[in-house]
Amino acid sequence: MIEQAAQILKTGGLVAFPTETVYGLGANGLDAQACKKIYEAKGRPSDNPLILHIAQLDALSEIVREIPDTAKKLIDAFWPGPLTLIFPKADIVPDAVTGGLDTVAVRFPSHPVAMALIQAAGLPIAAPSANASGKPSPTRASHVAYDLDGRVDMILDGGAAEWGLESTIVDVSQNPPMILRPGAITKEMMEPFVGTIAIDPAILDKPTEGLRPKAPGMKYTHYSPKADVYLVRGIQTIEAINRLAAQQQAQGKKVGVLATEESKAKYQADIVLSVGSRADLESVGANLFRVLRKFDFLEADVVYAEVFPLEGEGLAIMNRLQKSAGYRYIEADSV
Ligand code: AMP
Ligand code: MG
């Protein structure tokens, strides 16, 4: 299987493969034509650059012009793993990978199938998440098949993704380094190795002209189920969601609630799905995209979601949830 998949990559085809974050849609990262096929298959805007995936450290110096000291420290601490770093790009990296930027995003994944595939291909593999553009990222091979069936040459099934949210992206070309996308590797985990790390302010709020995210992909609507998603915050969230659900049901709407293990028994709605435990935010990260997809599958019209802390492990979860809700919040005490 791996040999066959590697052969497809070497000859300019597309292979979807599992990683520890989400499934990736891979192509030869040095072949502009092959990379263009990724954009076509996903319906991805051409200014949203791809991440180059490597499976041995030697490969890094071929695709970047410079490896800053902070990068070396983060690589020692967190590679292979769910951390993407932004470097000045080498000439060999085509514009089709970087969306015309002078920088390139690189990651060394830890998933055994991803590693085996990249090693067998002997190439840097360009890969974004293997979903249709705008949809939640795939955390199962079945999600990839649902979105991209017929548009990829092969899908490798590696079971459920361990982390379930895309990698943390850190720009190490600036000082202090800056988180452009929050993920499993948090600011708190990295700071002991490199000192203060900044966070792109645009990831906490709705992107606007004045507040443009530094990772081009972060400005797009994302992770959107077909239902209208609302985030409900404040005290007595459960009571507020139950009241909102009853109002919507009275109008004939099918109502979903994105709940937690702690709260799921307390809701009355058409579809109540637990996204994991508040005591274990990693479980929430691992389940979030699967649960958002399930609301679609069960044809919810409206989804009310609980919120999580905007810090630590919660930051990556809230960044994705806010996007899926189009940044719409409802204050529980106003319901
Ligand atoms: P995906 O793998 O689907 O999550 O997409 C890759 C993400 O990496 C997108 O959000 C891109 O905007 C981001 N990215 C890729 N290359 C760069 C770069 N050179 N500078 C900043 N962000 C990047
Ligand atoms: Mg993506």
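Values as computed for the structure displayed
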| quantity | calculated |
| --- | --- |
| Degrees separating the helix 313-324 axis from the principal Cα axis of the chain, which is the longest one | 80 |
| Net charge of neighbours whose Cβ lies under 9 Å from the Cβ of residue 224, counting Lys and Arg as +1 and Asp and Glu as -1 | +3 |
| Distant-in-sequence amide H partners of residue 158 (H built 1.01 Å from N, under 5 Å) | 141 |
| Over the chain: helical MRE at 222 nm, DSSP H runs n ≥ 4 each giving -39500 (n - 2.57), nearest 500 | -9500 deg cm²/dmol |
| Dipole of region 149-299 [Lys/Arg +1, Asp/Glu -1 at C-beta], most positive-end residue of 213, 255, 165 | 255 |
| Which of 55, 68, 79, positive extreme of dipole for region 55-115 (C-beta unit charges) | 79 |
| Between region 33-60 and region 237-292, the Cα center-to-center distance that results, in Å | 35 |
| Placed amide H near residue 330: partners under 5 Å, 5+ positions off or other chain | 231, 232, 233 |
| Debye equation applied to the C-alpha atoms of the chain, log10 I(q)/I(0) at 0.08, 0.09, 0.11, 0.14 Å⁻¹ | -0.37, -0.46, -0.69, -1.08 |
| Backbone HN-Hα couplings from phi across region 117-127 [Karplus 6.51/-1.76/1.60, Hz, Gly and Pro as x] | 5, 5, 5, 5, 6, x, 9, x, 9, 6, 7 |
| Whether region 1-146 is rounded, prolate or oblate, judged on the alpha carbon gyration tensor where a/c under 1.5 counts as rounded | rounded |
| Scattering curve values for region 152-209, log₁₀ I(q)/I(0), Debye with Cα scatterers, q = 0.12, 0.21, 0.23 Å⁻¹ | -0.42, -0.84, -0.93 |
| Rounded tilt (10° steps) of 32-42 against the dominant C-alpha axis of the chain | 10 |
| Relative frequency of Cα-Cα separations exceeding 17 Å in region 261-331, percent | 43 |
| Positive minus negative residues near residue 310 (Lys, Arg vs Asp, Glu; Cβ under 13 Å) | 0 |
| log10 of Debye I(q)/I(0), alpha-carbon scatterers only, for region 79-150 at 0.20 Å⁻¹ | -1.08 |
| For region 191-265, the fraction of alpha-carbon pairs in successive 5 Å shells from zero, as % | 3, 11, 15, 14, 14, 13, 14, 10, 3, 2, 1 |
| Point-charge dipole on Cβ atoms (K/R +1, D/E -1) for region 87-221, about Cα centre, debye to 20 | 160 |
| Cβ-based net charge around residue 332, under 9 Å, with every Lys or Arg adding one and every Asp or Glu removing one | -2 |
| Sparse-neighbour loop sites [trypsin sites (Lys or Arg not before Pro); region 106-198; at most 13 other C-beta within 10 Å; DSSP] | none |
| Per-residue ³J(HN,Hα) for region 226-236, Karplus 6.51 cos²θ - 1.76 cosθ + 1.60, θ = phi - 60°, Hz, x for Gly and Pro | 5, 5, 7, 9, 10, 9, 10, 10, x, 7, 6 |
| Largest-first principal axis extents of the Cα set of region 186-335 (Å) | 53, 35, 31 |
| Under-5 Å amide H pairs with residue 185, H placed in peptide plane, nonlocal only | 168 |
| Estimated vicinal HN-Hα couplings, Hz - region 244-254 in sequence order (Karplus 6.51, -1.76, 1.60; Gly, Pro = x) | 4, 4, 4, 4, 5, 5, 4, 8, x, 8, 8 |
| Tilt relative to the chain, helix 69-78 - C-alpha long axis, 0 to 90 degrees, to 10 | 60 |
| DSSP-defined antiparallel bridges as percent of all bridges, the chain, nearest 5 | 40 |
| Distance from region 158-195 to region 75-93 (C-alpha centre basis), Å | 11 |
| Net charge dipole size for region 1-124 [Lys, Arg +1 and Asp, Glu -1 on Cβ; Debye, nearest 20] | 260 |
| Most to least packed among 57-63, 26-32, 8-14 [average Cβ atoms within 10 Å] | 26-32, 8-14, 57-63 |
| Fraction of beta bridges assigned by DSSP in region 148-299 that are antiparallel (%, nearest 5) | 40 |
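Only the coordinates and a few stated rules stand behind these numbers; no lab work does. As the structure is a prediction and not an experimental result, all values here were calculated from the model. So basically every Cβ, Gly included, is an ideal-geometry build from the backbone, and we count neighbours across all protein chains shown.
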